[in-house]
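Coordinate-derived values only; no laboratory data. Keep in mind the model is a prediction, meaning the values are calculated, not measured. In this analysis, Cβ positions are derived from the backbone assuming ideal geometry, glycine residues included, and neighbour counts consider all displayed protein chains.
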Amino acid sequence: VKKIAVLTSGGDSQGMNAAVRAVVRSGLFYGLEVFAVQRGYAGLINDDIREMDLRSVGDIIQRGGTILQTARCKEFMTLEGQQKGAENLRKRGIDGLVVIGGDGSYQGANKLSQLGIKTMGLPGTIDNDIPYTDLTIGFDTAVSIVVDAVNKLRDTMSSHERSSVVEVMGRHSGDIALYAGLASGAETILVPEVPFDLDEVASRMASNFEQGKRHSIILVAEGVGKGEDIANAITERNGIEPRVTVLGHIQRGGAPTHNDRVLAGRLGDFAVRKLIEGESGKACGIIKGELVLTDIGTVVNSKKEFNMELYELAKRLSQ
Ligand code: ATP
């Protein structure tokens, strides 16, 4: 490849900018011409593509969001849309594309590689729901935000309210709830991957209070249900009225942590080097600290395994 492009797609995540910077700067370092596509696949179809230089990615490593913006694009779900996108790359002589996004974005990248564009996927989502990588770019920052919020809730809970339900992001993945729960000492973690019994949750909570616990935090992944409904169900069972906090999009904003920036830098550079080596249709990931390449088709057809060991650990430590 001589010319490559980069785009961000799907939900934004902290560290996407650091990944864009890494792709652009590595590409230029290795002598490629590097282009950026604005607004994900929508920009690819509408030909919103510009050439980048070293300075175009200055002062973004620390910024949340994505300077390339992202979009959800229905038209790209059709073969016609995908062909239009591929054509817009080809007419500029761009034969490599790095897609930074989640599962849906990977599906789009897979389609483009079937049309002959050399594609690489980078896992950019706060949910950590992409298989064949231990971590996604943005997850570490999102977890830090939740932990920080729970710390603050603990201060006020110890003085006033005794229990809190905190609803966090994760429609299909409980990883944010799991890691933030473990790191913040939540008493209960409810995730879509593990069935739970509200009677048991409510009675454990009541007996913990009887034994002198001063606060109780229940972390709920949004895929399980609304925090408000969980709180009501608990009140019905044990009379305790937890306060509800929904963290929402705050979890997707702010400066990325150093972990996310380092991950973005490593993965972005890896994607470029693999494109130069002639790889295509691959997803870049990190497993046990090592950079790995997996067929993107395999990744989109798999489901990430939930870490039951950590879930059980969180239970043991929250007695
Ligand atoms: P997140 O999970 O973080 O929101 P995502 O990448 O999964 O990110 P989606 O909205 O699912 O977000 O996908 C982003 C875009 O990818 C879609 O708007 C669409 O343009 C494209 N896309 C999704 N699925 C497909 C598919 N099956 N074929 C082609 N393109 C797709």
If I go through region 1-36 residue by residue, how many of them are more than 12 Å from the ligand (Cβ to nearest atom) and in a strand (DSSP E or B)? 8
Just checking, how many residues over region 170-228 are buried (at least 17 other Cβ atoms within 10 Å of the Cβ), in contact (Cβ under 8 Å) with a residue 40 or more places away in the chain and in a loop (DSSP other than H, G, I, E, B)? 8
Among the listed residues A283, A271, which satisfies the condition of being closer than 17 Å to G138 by Cα and not basic (K, R)? A283
Filter region 56-80 down to residues that are more than 8 Å from the ligand (Cβ to nearest atom) and assigned to a helix (DSSP H, G or I) and give me whichever is surrounded by the most Cβ atoms within 10 Å (Cβ to Cβ). V57
For region 108-144, give me each residue that is within 8 Å of the ligand (Cβ to nearest atom), of a type in the set (S, T, N, Q) and over 23 Å from E193 (Cα atoms). N110
